[in-house]
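Asks: Here you go, one structure.
The values are calculated or read from the model by the stated rules, or taken from the named source; none is laboratory data. The shown structure was predicted, so the numbers you read here are calculated from the model rather than taken from an experiment. Here the Cβ positions follow ideal geometry from the backbone for every residue, glycine too, while neighbour counts run over all protein chains shown. In case anyone asks, the SASA skips ligands and DNA or RNA and just uses the protein heavy atoms, side chains included. Shrake-Rupley method; radii C 1.70, N 1.55, O 1.52, S 1.80 Å.
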Amino acid sequence: MRYDLRLEYKRMEKVKAEKGVTRGFDAETLELVDMMEAGIIEPTKVERVALENAASVASVAVDLASHIFG
């Protein structure tokens, strides 16, 4: 199965177009939801943790690449 980046781009554009502060993408249901109504109590914390984890993964990838190619 091939991953389609165009689909992901469209999904992200849809998220960015949402006006509500508590609106976001629920990865469990794969839908845009009001995060407070869906039971995601602190959407800001969820976003912060996701960004921290993404930065950590990127750091490991760069470190690994430097060991392999360096």
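Asks: Quick one: net charge of Ile40's neighbours, Cβ under 14 Å, K/R +1, D/E -1?
Replies: -4
Asks: Taking 8 Å as the Cα distance limit and 6 or more residues as the minimum spacing, I'd like the relative contact order of the chain as a percentage.
Replies: 15
Asks: Of all accessible surface on the chain at a 1.4 Å probe, what whole percent is carbon and sulfur?
Replies: The computed percentage sits at 61.
Asks: Taking a probe of 1.4 Å, how large is the accessible area per residue of the chain, in Å²?
Replies: Spelled out: the 1.4 Å probe surface of the chain, per residue, equals 90 Å².
Asks: Once you have the Cα-Cα distance between Lys45 and Leu30, take 0.36 nm times their residue separation minus that, and quote the gain in nm to one decimal.
Replies: Gain on stretching Lys45 to Leu30: 3.5 nm.
Asks: Tell me, what HN-Hα J-couplings in whole Hz come from the Karplus equation 6.51 cos²θ - 1.76 cosθ + 1.60 at θ = phi - 60° for each residue of segment 8-14, using x for Gly and Pro?
Replies: 5, 4, 4, 5, 5, 4, 5
Asks: Follow-up question, since we're still on this one. With everything on Cα atoms, drop me the angle between helix 43-69 and the longest principal axis of the chain, reported from 0 to 90° to the nearest 10.
Replies: Taking Cα atoms only, the helix is inclined about 10 degrees.
Asks: On the Cα set of the chain, report Rg and Dmax in Å, please.
Replies: Looking at the chain, its Cα Rg and Dmax stand at 15.7, 49 Å.
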